[in-house]
Amino acid sequence: MKKALATFGLAACLAGPAYATGGLTCRTAGARPIEVAVGFGHVPGSPLIARRLLDNGRNVPVQDAQWWLDRREVRLLLTSPQATAEELRLIARRTGSVYDGSLWRKGRRRWVRCREG
């Protein structure tokens, strides 16, 4: 019994912290890059807790309208702060450790890669 308790105590000390939040950063390639970064909780129905959209290095104010993330894909819709215009739509599927897909902004479709972190 003492050996089991000692082993449990050692395992508890070696265990890493439980992370309750995560993030995702997505970037386009080429000239005039677009970058979107979001932060979220790791519980079902969790809201986005942070969002940022950079268009060619310029910050674009946005709010989240809808988003979805699972092991297979990520979907994101960002709107203007008053929700009067769609600023960005993103759909990407998991390919190994990254998500590759498409991003639409101002009527243009671009390739995008997203990484968790």
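The values are calculated or read from the model by the stated rules, or taken from the named source; none is laboratory data. Please read all numbers here as calculations on a predicted model, not as lab measurements. All Cβ positions, even for glycine, are placed from backbone atoms using ideal geometry, and neighbour counts span all protein chains on display.
Quick rundown of the values:
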item	result
Failed criterion for R93 (all others in (1) more than 17 Å from the chain's Cα centre (by Cα); (2) touching a residue at least 12 places away in the same chain (Cβ under 8 Å) hold)	(1)
Residues satisfying the stated conditions in region 42-59, i.e. surrounded by 14 or more Cβ atoms within 10 Å (Cβ to Cβ), outside any loop (DSSP other than H, G, I, E, B) and not basic (K, R)	L48, L53, L54, D55
Every residue from region 40-75 that is among the small types (G, A, S) and at pLDDT below 80	G41, G45, S46, A65
